[in-house]
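One structure is given below, encoded as structure tokens.
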């Protein structure tokens, strides 16, 4: 009986490992949609495992339980852990649901707090076919971001609304070509479903700060998607130098004393963000110097 139970409980572990292998293989070569969906399944399995382990550790003596579990990790699949697994599954579902709701609440909160107003789409950037708003908000920083809201109503009952926010400082400081490049970059995020999945993953990693797996995966996915969104922007505008200048200006003019309206805009915050921005600028300059974009000239 015990052997059969162990075999049944270990099946989710094998499935989780298989999804993890698929995620590693897809990370560099597949579309963002596939990578995000694999990451969601991988994190769902891991959330159950991690929450179950945490529940058992808290109920079995704290640090001494950590030592016992580290020495004999197979013990968690024993018949005595059925209640911990049930609580872990419920806890993981609650955490995922909370992360989704928070990501939606935060997006709506930005719109309520900053009260942005509509602005015309820049020349050379075609408005997407899906519902999308390009909005301007007040901020002393050169900032931009995008996110996806799921709303009720209409024929589809639940429909997707994409939002791109630009700060007044960005529009005032950047040239029209640079502003268009930033909008194209944010459109790249929306096309790859970053506003739906990546925002959720970031929120999830903040909810489970005690687990480094979530933080690492969210960070790696963020870095990957920034590069892909740069590539999408270049393909749309044919102006890699414009986006490189926009990143440089956002980094150069950032005032540490000025409050940041929202996190992660243009990917220039923090030491890691600074290093990533420098790498993105190097990639864009290399594209500009490749001779593939003769129309991309300085202003």
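The values are calculated or read from the model by the stated rules, or taken from the named source; none is laboratory data. Since the structure is predicted, the reported quantities are computational estimates derived from the model, not experimental observations. Reconstructed Cβ throughout: ideal geometry from the backbone, glycine too, with neighbour counts over all protein chains shown.
For region 91-130, the set of residues classified as exposed (fewer than 13 other Cβ atoms within 10 Å of the Cβ), under 30 Å from residue 53 (Cα atoms) and in contact (Cβ under 8 Å) with a residue 40 or more places away in the chain is empty. If the condition is being part of a loop (DSSP other than H, G, I, E, B) and within 21 Å of residue 12 (Cα to Cα), then region 49-84 contributes 72, 78.
Assess whether residue 205 counts as being free of Cβ contacts under 8 Å to residues at least 40 places away in the same chain and surrounded by 20 or more Cβ atoms within 10 Å (Cβ to Cβ). Explain how you work it out, then say what you get.
Values: free of Cβ contacts under 8 Å to residues at least 40 places away in the same chain: yes; surrounded by 20 or more Cβ atoms within 10 Å (Cβ to Cβ): yes.
Considered against the rule, which asks whether it is free of Cβ contacts under 8 Å to residues at least 40 places away in the same chain and surrounded by 20 or more Cβ atoms within 10 Å (Cβ to Cβ), residue 205 comes out as yes.
Residue check: residue 210 meets all listed conditions (1) at pLDDT below 85; (2) surrounded by fewer than 18 Cβ atoms within 10 Å (Cβ to Cβ); (3) part of a helix (DSSP H, G or I) but one, namely (3).
Kindly evaluate residue 172 against the criterion of being in contact with a helix residue (DSSP H, G or I) (Cβ under 9 Å, 6 or more places away or on another chain) and part of a helix (DSSP H, G or I).
Working: in contact with a helix residue (DSSP H, G or I) (Cβ under 9 Å, 6 or more places away or on another chain): no; part of a helix (DSSP H, G or I): yes.
No: the conditions fail for residue 172.
Under the condition of being surrounded by fewer than 16 Cβ atoms within 10 Å (Cβ to Cβ), part of a helix (DSSP H, G or I) and without any contact (Cβ under 8 Å) to a residue 24 or more places away in the chain, the residues counted in region 27-40 number 3. Residue pairs whose Cβ atoms lie under 7 Å apart, sitting 6 or more positions apart in sequence or on different chains, and linking a residue in region 47-67 that is in contact (Cβ under 8 Å) with a residue 40 or more places away in the chain to a partner that is assigned to a loop (DSSP other than H, G, I, E, B), are 50/211.
Look through 175, 169 and report the one residue that is farther than 20 Å from residue 190 by Cα, modelled with pLDDT of 85 or more, surrounded by 15 or more Cβ atoms within 10 Å (Cβ to Cβ) and out of contact with any strand residue (DSSP E or B) (no Cβ under 8 Å at 6 or more places or on another chain). Spell out the reasoning first.
On the way: 175 fails: surrounded by 15 or more Cβ atoms within 10 Å (Cβ to Cβ).
On inspection, the qualifying residue turns out to be 169.
For region 132-169, a tally of residues being assigned to a strand (DSSP E or B) and either in contact (Cβ under 8 Å) with a residue 12 or more places away in the chain or not assigned by TED's automatic domain parsing to the domain that holds residue 202 (or both) returns 22.
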